[in-house]
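What follows draws every value from the coordinates through simple rules; no lab data is involved. Here the structure is a predicted model, which is why all the values come from computation and not from measurement. FYI the Cβ positions are ideal-geometry reconstructions off the backbone, even for glycines, and counts take in every protein chain you see.
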RNA sequence: GGUGGGAUUCCCGAGUGGCCAAAGGGGGCAGACUGUAAAUCUGCUAGCUUCGCUUUCGGUGGUUCGAAUCCACCUCCCACCA
């Protein structure tokens, strides 16, 4: 498999410094490349997934990923694509987040064949004067001011701290080239300016020619950043924040118009199949979405979890292609949907005592298990006709739940038709 | 350093003494319609023990029967000038 052609075909390449040279480089050599992540949160979400998938692809072609966690730059905040400054994290928060991210990336790439670096390691001891002397004359303010990301922020104001971000990122590239022979950087399209600065700096410092490539920005049909749903929240890779079932549902509910792109980016199915699947119509398109959801979930959470989510969703909403008419190389084809009855929606345990005596108000229960943010929201949900208890619409927001409402020790609650939790007694 | 302007609910942004839990838009949620899609239409969008109560309009204190709105001080931001 040719890495460059594959990246191109799947739509990963948005901008690149030199297409021909990059193609030749990736074809003829096993290179080290890097992708940076800002440790601004303790979990990745699907918005981070695009570079991760690209990294996976490159690694499978024999190239070596360097995962740079921006322990140092994360303390500053990248102005690119942001309208306002980010809050500054403490060193402890950054350290904690770095640990979490490392764990999550392990699901997608072979960690033992990747290098993890933290730029705090080389920035921690940098002395300001030394740094200025070493690289200060390699940067032109005029050039930096011309950068799109900087121009944008000039309107609303930009601190010197943030202005320096691209210098630091460029320096990262230089260090990685020097110490790890890193020859390429990948990143989101909002990183273009910073990445090009890095390419420049490496050439000026060491006369080495290095390259970079950006990925397209994924937007949903409203032009909003991709990866938010279910309450406007991010779809997290952390199962504590986003249960596997919900993760599966996120992909299952994607826009028709996005399907082809999503299959290309977030599954490992061959492009020929991706094209065939995304050309489906009617019930076929729903099968294609099941395949997308299954494959994406399988990558993030493992085959067993993906299978359970698929069966649970299918038993609630029906299967798109029960007869298996649509051919796919996905492992989903081998799942026996007769097993669907056994599988389950996300389940929450609640103490039995809460339901004894007077019982627990339904609205409070909704809030407690996280189906709504508060009891008041649950109340509004009931008033709007969107609350269901054991598949019956709830009409009275004063409804109280007692043990008698449980069937076989379980109670199914739904906020709308698609968000559901099963409550079991503890 | 000087002068002027500003800080409002998730975001943008109205509101300049009671009719303000606060217009409008965005975003989000739900309902209807559908294919668990999109588009469209409708309702909702601070919390609670909900015909009522509590907290919210940068912070603290004050004036007033009553303050997001007036006064004082403080913090932070922006613009122009130097």
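A few notes on this one:
- Label point distance in nm, residue A:143-residue A:373, each placed 7 Å from Cα along Cα→Cβ: 4.5 nm
- Estimated inter-spin distance, residue A:8 and residue A:256, nm [label 7 Å along Cα→Cβ]: 3.2 nm
- Full-stretch length increase - residue A:111, residue A:282 - with 0.36 nm per residue and alpha-carbon distance subtracted: 57.5 nm
- Average 1/r across all pairs of distinct alpha carbons in chain A, invert it, and you get the Kirkwood radius: 23.8 Å.
- Each peptide in A:182-188, A:125-131 receives the mean, over its residues, of other Cβ atoms within 10 Å, and ordering these scores from highest gives A:182-188, A:125-131.
- Peptides A:192-202, A:401-411 ranked from most to least packed, by the mean per-residue count of other Cβ atoms within 10 Å: A:192-202, A:401-411.
- With both residues required to sit in chain A, DSSP beta bridges show an antiparallel share near 45%.
- Mean Cα-pair separation over length for chain A, i.e. relative contact order, pairs under 8 Å, 6 or more apart, %: 14 percent
- Rounded to 0.05, the FRET efficiency of the residue A:424 and residue A:323 pair, given R0 = 25 Å and the Cβ-Cβ distance, is 0.15.
- From helices alone, chain A scores -12500 deg cm²/dmol at 222 nm; the rule is -39500 (n - 2.57) for each run of n ≥ 4 DSSP H residues, then divide by the residue total.
- Diffusion coefficient of segment A:270-414 by Stokes-Einstein, Kirkwood radius over Cα pairs, 37 °C, 0.692 mPa s: 187 µm²/s.
- FRET efficiency, residue A:349 to residue A:417 (Cβ-Cβ, R0 25 Å, nearest 0.05): 0.55
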